[in-house]
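Peer 1: Please find one structure pasted underneath; my questions will follow.
The values are calculated or read from the model by the stated rules, or taken from the named source; none is laboratory data. Please read these numbers as outputs of a predicted model, since none were measured by experiment. Cβ placement follows ideal geometry from the backbone for every residue including glycine, while neighbour counts extend to all protein chains displayed. Heavy atoms of the whole protein, side chains included, go into the accessibility calculation; ligands, DNA and RNA do not. Shrake-Rupley method; radii C 1.70, N 1.55, O 1.52, S 1.80 Å.
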Amino acid sequence: MTMAPLPGAELVQKPWQLYRYLLRCCKELPTENIQQHYRHAIRQSFRVHVDEDSPERIQQIIKRAIEDADWVMNKYKSQK
């Protein structure tokens, strides 16, 4: 079982909650350049999926995005 990058991951149920959660994760990254890179990637991903209306697919996307955020956060924690 992996740990979530920030408290509150288990509360994310809606796309706007995921968006805010991921942006909060970005603030924990080590440098401004890295933060900007991931903020841009988050915004792009939301633009791509803006028309998604299947609740099951939305939950899949949320779960995967949290797992990916966990991986990114662990990647940069291990480099410290």
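Peer 1: Could you please tell me which pairs satisfy a Cβ distance under 8 Å, a separation of 6+ or placement on different chains, a first residue in the stretch 7-21 that is open to solvent by 20 Å² or more (accessible area, probe 1.4 Å), and a second residue that is part of a loop (DSSP other than H, G, I, E, B) and at pLDDT below 90?
Peer 2: E10/A4
Peer 1: Which condition number in (1) under 22 Å from G8 (Cα atoms); (2) out of contact with any helix residue (DSSP H, G or I) (no Cβ under 7 Å at 6 or more places or on another chain); (3) open to solvent by less than 90 Å² (accessible area, probe 1.4 Å); (4) not acidic (D, E) is the one that A69 fails?
Peer 2: Status for A69: all satisfied but (2).
Peer 1: Related question: Kindly evaluate E28 against the criterion of being under 23 Å from K14 (Cα atoms) and open to solvent by 70 Å² or more (accessible area, probe 1.4 Å). Steps first, please.
Peer 2: On the way: under 23 Å from K14 (Cα atoms): yes; open to solvent by 70 Å² or more (accessible area, probe 1.4 Å): yes.
Yes, satisfied.
Peer 1: Being open to solvent by 50 Å² or more (accessible area, probe 1.4 Å), aliphatic (A, V, I, L, M) and within 12 Å of P15 (Cα to Cα) is the filter here; which residues of the stretch 38-58 pass it? Walk me through how you get there before you give the answer.
Peer 2: As a first pass, look at the stretch 38-58 and keep what is open to solvent by 50 Å² or more (accessible area, probe 1.4 Å): 39-40, 43-53, 55-57.
Those left that are additionally aliphatic (A, V, I, L, M): 48, 50.
V50 - this is the single residue of the stretch 38-58 that is open to solvent by 50 Å² or more (accessible area, probe 1.4 Å), aliphatic (A, V, I, L, M) and within 12 Å of P15 (Cα to Cα).
Peer 1: With respect to Q35, is the statement that it is among the polar types (S, T, N, Q) and surrounded by fewer than 13 Cβ atoms within 10 Å (Cβ to Cβ) true? Write out each step before concluding.
Peer 2: Values: among the polar types (S, T, N, Q): yes; surrounded by fewer than 13 Cβ atoms within 10 Å (Cβ to Cβ): no.
No, not satisfied.
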